[in-house]
């Protein structure tokens, strides 16, 4: 699992947070997921794992999440 090997940044910048929110919103919309559901929470966890592993570009995050299951 990525969490065991990820370098966790101490602070997420406002720009990074906006990118993460945008990716999360797009993935939820594409999948028809309501925010706050277990499925959406799973996507958020996967997104954070990918982000913490060093992927910071929105298009790359979206591509990596395109085939991800809702649960890690």
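Each value in this text was obtained by applying a stated rule to the coordinates, not by laboratory testing. Everything quoted here is computed from the prediction, not taken from an experiment. For neighbour counting, all protein chains shown are included, and Cβ atoms are generated from backbone atoms with ideal geometry for every residue, glycine included.
Among residues of the stretch 21-53 being assigned to a loop (DSSP other than H, G, I, E, B) and either free of Cβ contacts under 8 Å to residues at least 12 places away in the same chain or surrounded by fewer than 17 Cβ atoms within 10 Å (Cβ to Cβ) (or both), the one that is nearest to the chain's Cα centre (by Cα) is 53. Among the residues of the stretch 9-20, those identified as in a helix (DSSP H, G or I) and either in contact (Cβ under 8 Å) with a residue 24 or more places away in the chain or in contact with a helix residue (DSSP H, G or I) (Cβ under 9 Å, 6 or more places away or on another chain) (or both) are 16, 19, 20. Of all residues in the stretch 61-71, those being part of a helix (DSSP H, G or I) and surrounded by 14 or more Cβ atoms within 10 Å (Cβ to Cβ) number 4.
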